[in-house]
């Protein structure tokens with residue numbers, strides 16, 4: 001190989017390694033996922049099991065609504081019997097009126113096309129049909145005949161009966177709107193679950209950082225104390241106390257590592273991430289700067305809440321049940337009328353051109369006479385149920401208003417408390433740093449240092465507790481009102 005070939009191979013090898021190394025670095029870096037609170041919430045809404053369950057529930061309600069809508073659209077059906085063979089001994093009426101049992105072999109084929117349409121306002125049904133039937137007598141000689149109904153128009157009209165179609169027109173759209181609101185609320189509930197798991201892991205990771213820092217500080221202080229003990233500047237009791245602090249810090253660190261791993265696994269499972277996914281969370285440092293007006297919150301809850309729609313739906317269903325009980329237990333009638341053309345003969349084509357008209361009118365009656373108080377009991381039962389619904393929904397409406405008012409007040413209180421605890425945490429951290437420096441130079445004792453350490457850790461825990469509670473109320477009031485007060489917009493999650 002000449003020098004040019006060697007240089008070419010070396011250059012290609014260098015480029016190959018250069019291209020591979022960045023890819024390997026990206027894959028290693030990709031093992032760690034850095035997420036903010038909003039990232040976790042959006043992932044939960046899109047791919048968590050709870051979000052999938054909410055979507056499935058909404059899908060079921062959506063197709064129920066489509067089923068209701070189909071009741072008011074024309075229904076077209078084709079019915080056929082191809083063939084129907086009947087070999088039997090049948091009673092045949094003779095011209096003189098006597099009946100003779102004669103063996104017969106009949107082959108019939110029939111087909112009908114039917115179109116029907118429900119009329120919700122009148123609780124009636126109109127229909128149009130066309131049918132043809134062929135009968136073959138399988139004897140010697142074989143004969144065939146046709147029965148043709150080219151077209152038949154008709155109507156079925158209940159009188160004084162319960163109009164289910166009309167009530168469905170009032171209730172079913174409300175149920176569908178309720179399902180849409182429920183879907184939005186379910187996703188906001190998913191956001192609450194996600195925020196809880198987020199802060200579980202964030203708190204665990206914060207605790208882990210604290211314990212790691214405590215181990216470092218305790219180890220440094222123990223070494224300093226050991227040197228000071230050898231110089232005779234501190235007593236053995238203080239040295240033993242520093243060693244005990246170091247052992248406790250290491251034990252707390254081991255527990256914090258276990259808690260962080262468990263919290264990370266729970267969050268990864270909830271977000272449908274790989275179980276070995278390493279997650280690092282970003283602390284939400286910015287507190288949303290907006291207010292929740294009580295009147296606006298109540299107005300938006302009354303407008304958007306699934307519960308408010310459910311109140312109206314329950315009242316309407318209770319009223320429907322009472323009317324149904326009354327209508328089902330009194331006089332009712334049903335009129336069926338039809339007009340059409342019909343003909344029969346041995347040649348199919350001739351039957352359509354020479355068809356004759358036919359009419360049918362039928363009146364059915366239902367008249368209760370004696371039911372031993374059954375009708376009265378059913379009506380009174382439905383009336384009692386209606387009264388119960390009225391009372392319970394009134395209480396639920398009042399409870400909902402109280403909850404909205406309470407959350408509105410708590411939101412502002414929690415926001416102010418969070419700002420205070422955030423400031424307290426900063427002060428406690430700074431105080432501990434100063435105390436540690438003063439202990440190193442011998443200005444304070446171990447007791448004062450331990451107090452500063454406990455206050456530092458306690459302030460951090462209180463800050464994260466207030467942070468969790470603030471965001472919990474934030475997402476809870478969004479779920480209750482389906483309103484984003486930060487963006488001043490109604491919440492409507494896309495399905």
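The values are calculated or read from the model by the stated rules, or taken from the named source; none is laboratory data. All values reported here derive from a predicted model rather than from experimental measurement. Glycine gets a Cβ as well: all are built from the backbone with ideal geometry, and neighbour counts include every protein chain shown.
The rows are residues; the columns are (1) within 42 Å of the chain's Cα centre (by Cα); (2) closer than 24 Å to residue 360 by Cβ; (3) in contact (Cβ under 8 Å) with a residue 60 or more places away in the chain; (4) in the same structural domain as residue 59 (by TED's automatic domain parsing).
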{"position": "110", "(1), (2), (3), (4)": "no, yes, no, no"}
{"position": "113", "(1), (2), (3), (4)": "yes, yes, no, no"}
{"position": "141", "(1), (2), (3), (4)": "no, no, no, no"}
{"position": "147", "(1), (2), (3), (4)": "no, yes, yes, no"}
{"position": "150", "(1), (2), (3), (4)": "no, yes, yes, no"}
{"position": "154", "(1), (2), (3), (4)": "no, yes, yes, no"}
{"position": "175", "(1), (2), (3), (4)": "yes, no, yes, yes"}
{"position": "178", "(1), (2), (3), (4)": "yes, no, yes, yes"}
{"position": "182", "(1), (2), (3), (4)": "yes, no, yes, yes"}
Failed item in (1) under 30 Å from residue 238 (Cβ atoms); (2) touching a helix residue (DSSP H, G or I) at 6+ places or on another chain (Cβ under 7 Å), with residue 415 passing the rest: (1)
Residues of segment 203-214 satisfying the condition of being out of contact with any strand residue (DSSP E or B) (no Cβ under 7 Å at 6 or more places or on another chain), buried (at least 18 other Cβ atoms within 10 Å of the Cβ) and more than 15 Å from residue 469 (Cβ to Cβ): 204, 206, 207, 208, 210, 211, 214
Single match in 121, 82, 78 (criterion: under 30 Å from residue 320 (Cβ atoms) and loosely packed, with under 11 Cβ neighbours inside 10 Å): 121
Residue in segment 480-493 that is modelled with pLDDT of 90 or more, closer than 29 Å to residue 226 by Cβ and part of a helix (DSSP H, G or I) present: no
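Table: residues versus (1) part of a strand (DSSP E or B); (2) at pLDDT 90 or above; (3) surrounded by 12 or more Cβ atoms within 10 Å (Cβ to Cβ).
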| residue | (1), (2), (3) |
| --- | --- |
| 324 | no, yes, yes |
| 361 | yes, no, no |
| 368 | no, no, yes |
| 371 | no, no, no |
| 380 | no, yes, yes |
| 407 | no, yes, yes |
Residue match in segment 268-275 (condition: under 24 Å from the mean Cα position of the chain (by Cα), part of a helix (DSSP H, G or I) and without any contact (Cβ under 8 Å) to a residue 12 or more places away in the chain): yes
Given (1) buried (at least 16 other Cβ atoms within 10 Å of the Cβ); (2) under 28 Å from residue 44 (Cα atoms), index of the condition residue 432 fails: (2)
Given (1) under 24 Å from residue 114 (Cα atoms); (2) under 55 Å from the mean Cα position of the chain (by Cα), index of the condition residue 320 fails: (1)
Of residues in segment 439-479 being without any contact (Cβ under 8 Å) to a residue 12 or more places away in the chain and either over 50 Å from the mean Cα position of the chain (by Cα) or not assigned by TED's automatic domain parsing to the domain that holds residue 239 (or both), the one nearest to residue 194 (Cα to Cα): 447
Filter result (touching a helix residue (DSSP H, G or I) at 6+ places or on another chain (Cβ under 8 Å), in a helix (DSSP H, G or I) and closer than 13 Å to residue 221 by Cβ) within segment 233-247: 238, 239, 241, 242, 243, 245, 246
Residue among 169, 135 that alone is outside any strand (DSSP E or B) and touching a residue at least 24 places away in the same chain (Cβ under 8 Å): 169
Residue check for residue 200: surrounded by fewer than 20 Cβ atoms within 10 Å (Cβ to Cβ), in contact with a helix residue (DSSP H, G or I) (Cβ under 6 Å, 6 or more places away or on another chain) and under 27 Å from residue 38 (Cβ atoms): yes
Selection count, segment 329-355, where residues are within 30 Å of residue 379 (Cα to Cα) and either touching a helix residue (DSSP H, G or I) at 6+ places or on another chain (Cβ under 8 Å) or free of Cβ contacts under 8 Å to residues at least 60 places away in the same chain (or both): 2
Filter result for the condition that a residue is surrounded by 15 or more Cβ atoms within 10 Å (Cβ to Cβ) and outside any loop (DSSP other than H, G, I, E, B), over 318, 384: 318
Count of segment 103-132 residues which are part of a strand (DSSP E or B) and either touching a helix residue (DSSP H, G or I) at 6+ places or on another chain (Cβ under 7 Å) or farther than 26 Å from residue 347 by Cβ (or both): 10
